[in-house]
Each structure stands twice: as C-alpha cells, then as structure tokens.
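This report concerns only the one structure given below.
The values are calculated or read from the model by the stated rules, or taken from the named source; none is laboratory data. Source: prediction; values computed, not measured. Every residue, glycine as well, gets a Cβ built from its backbone with ideal geometry; the counts of neighbours run over all protein chains shown. Remember, those area values only see protein heavy atoms, side chains included, never the ligands or the DNA or RNA. Shrake-Rupley method; radii C 1.70, N 1.55, O 1.52, S 1.80 Å.
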Amino acid sequence: MTSTLLSLASVFARIGLGAFGGGLATIPFIHYELVVSRGWLSERAFSEVVSLAQMTPGPLAINAATFVGYRIAGTPGACLATLSVVLAPLALLVSFLFLLSRAPGDLRRGVERVRRALRPAVSGMLLAAFWVVARPLVRDWRLLVLSALLLLLSRTRLFSRYPQLLLLCAGGVGALLF
Amino acid sequence: MLGFIEKELRATGHLSDEEISDMMVLATAFPGPVAVNMSFLAGKRVAGVAGAAWAVTGTVLPPFLVILLLAGLLVRYMGEPRVSSFFLGASCAVAVIIGQVVFNMARSSGGGWRDACVIALTAALILAAGVHPFIALASGVLFRLILGGGGR
C-alpha cells in the first residue's frame, strides 16, 4: 500500500510538472504516465477519465488526479494524488519567485522568451492530445458520424457557451445507440 | 478559462490590469494548472502566504470534492455497458472540442513556418516516436529558440 501511494505521488507530481499551457495539453502526459508507462488504466478507461474530467468543473489535471488516485488507492490515494499534482508545480513557482526577487531584469526577459517558445510546443502537445483521444474513435463509422454532428452542434451559440452540455448530449446519444 | 479568471480577478478590485497580465505571463510560463498558479499569485499579492494558501485551497477543493463524491459511484458502474457507451459518446465530444482548440491555435499562430515545424516536431515525437512528453515538449521549446525569428 505504501509503495502504491508513493508511486501515485511521484506519477502525479510528474504530471503536474508537465502541465504546461493549460488542461488539454496535459492529456499526453496523463496518457503516457498512466497508460503507456504504468498500465494503471486501459485505453478505454483513460478516455473515460478524460471525458469525466471535461464534464466536471475544475482543471483537468486535478480531476484526473482525484479520480485515478481514488480508483487505485481509495480516499487516501485521491488526496495524495491531488496534493502532488498541485504542490509539485507550485514548489517550482515558489522557488522561481524567490530567484526573481534577487535578479529581476534578466529573469523576467528569460521568462518571456521561454513563454513565447512554449506556445508552438504546447500547440504540438494539443495536436498529440487530439490524436490520443480521437484514435480509438476512427475505427467505428458511427462514432465518426456522431463526431461530425457534434462538430456542427458545437458551433451553435448554446453549445459553444456550455461545452459540458455538448458532452452530456453526446454521452446520452452514445448510451442510447451503442 | 483564462478569460474567466481574468474577469473575476478584475472584478475583485484588488489588482490592477497590469498586475493581472504580469501574473498571467508567469502562470502560463510555468507548469501546473493555470487556475492554481493564478490563485497562488493573486492570493500572495493580496494577502501574503496565508492568502496564497487560502486561494489555492479555494481553487482545488471544489473539483476535488465533486470528483470524490462521484468516484465511489463511478468506480462501481464504469464497467457497465450503458455507462461505457455513455463515455464512448462523450469522448466524441471531447475530440471535437480539442480539435477546435487545435484549429483555432493554428489559425491564430503568428509564427508562420517556424511555429508549424515546432508543432509538427513536438506532436511527432509523442505520437510516432513515443518519447516521454517532457522530452517532446523540451525539444519543441529548444527547437523554437534555435529557429529564432518572429512569433508572438
């Protein structure tokens, strides 16, 4: 049990430290750590976790940490995974702020340069995230038809304002048809 | 999400627009959920270390509790065929949403061919070469710095 908790903490600390550029760009990290490297989740379970995390409020990495932590080691696992995913990157930010208070000018310019260089790399992560999620869907033409319909729906005002609603409708259709 | 955080922070009246945009730069340049980073920075600015701890708790606790409440049910029912089909349908919507984000990013990217090369390299390293995403991301950033030139 202790070793499970320790590996939960280290996996989610790594996911937190990789969570550049917002929620969806974290998907390749979560996929790599939980599916490819650890085998804690099957491809199917992974896509369920991502959908769940998109349906519920809050940052994707936190939702995923709480749920996967709970699944693997109950409530203590949920607490530990969530703390790890939040505290690891915060520790990095705190140490950087400390440095920044000592040598502001150069570091500030450095941050700006790295941030600019991060943008296309994060777009690449998003592209990878898209394929990780879409890959299991392209094998079934019914799912492709549903996705095409959802794409049209998502452009209406109601669904572009409330994307969670789109997920719920898609889920409802899925539960009825498949 | 970013726009929402910005609006809410401005509405509190504790922070100037410049402070908010400085925080946004730091929050997005560093890893970790942007909402958590922002709540840490804003909390610290307004009420010191206690403020930071309080603000981060406020950001993390609601999603944590929502998932914890649902988790017991979900772990029990996730194998059920109906529940599986529900999530299968929902993942179509997730793919559509991510696809749109990618499309919008590609369209609004001001860096031209350099950015396109970096996007392709980063995605290919993950999808085709199967390297750890850290390595893919770091290679992408390095490659972008080496290419130099324009970009926003």
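Observations on the structure shown:
- Hey, A:Gly22 open to solvent by 10 Å² or more (accessible area, probe 1.4 Å) and in the same structural domain as A:Met125 (by TED's automatic domain parsing) or not: yes
- Options A:Leu158, A:Leu150, A:Leu167; residue that is farther than 14 Å from A:Gln54 by Cβ and either hydrophobic (A, V, I, L, M, F, W, C) or touching a strand residue (DSSP E or B) at 6+ places or on another chain (Cβ under 7 Å) (or both): A:Leu158
- Per-region count, the range B:17-44, residues charged (D, E, K, R) and within 11 Å of chain A (Cβ to nearest Cβ): 2
- Screening the range B:90-149 for residues that are of a type in the set (Phe, Trp, Tyr) and under 17 Å from the mean Cα position of the chain (by Cα) and picking the one that is surrounded by the most Cβ atoms within 10 Å (Cβ to Cβ) gives B:Phe134.
- Beta carbons closer than 8 Å, at least 6 apart along the sequence or on distinct chains, never pair a first residue in the range B:123-152 that is without any contact (Cβ under 8 Å) to a residue 12 or more places away in the chain with a second that is in a loop (DSSP other than H, G, I, E, B) and among the hydroxyl-bearing types (Ser, Thr, Tyr).
- Of B:Ser21, B:Ser39, B:Ser16, all but one fail to be modelled with pLDDT of 85 or more and closer than 22 Å to A:Gly18 by Cα; the exception is B:Ser39.
- Qualifying residue in the range A:155-173 (condition: among the hydroxyl-bearing types (Ser, Thr, Tyr), open to solvent by less than 40 Å² (accessible area, probe 1.4 Å), modelled with pLDDT under 95 and closer than 30 Å to B:Ala116 by Cβ): no
- Set A:Ile62, A:Ile72: member being surrounded by 23 or more Cβ atoms within 10 Å (Cβ to Cβ) and either facing chain B (nearest Cβ under 9 Å) or assigned to a helix (DSSP H, G or I) (or both): A:Ile62
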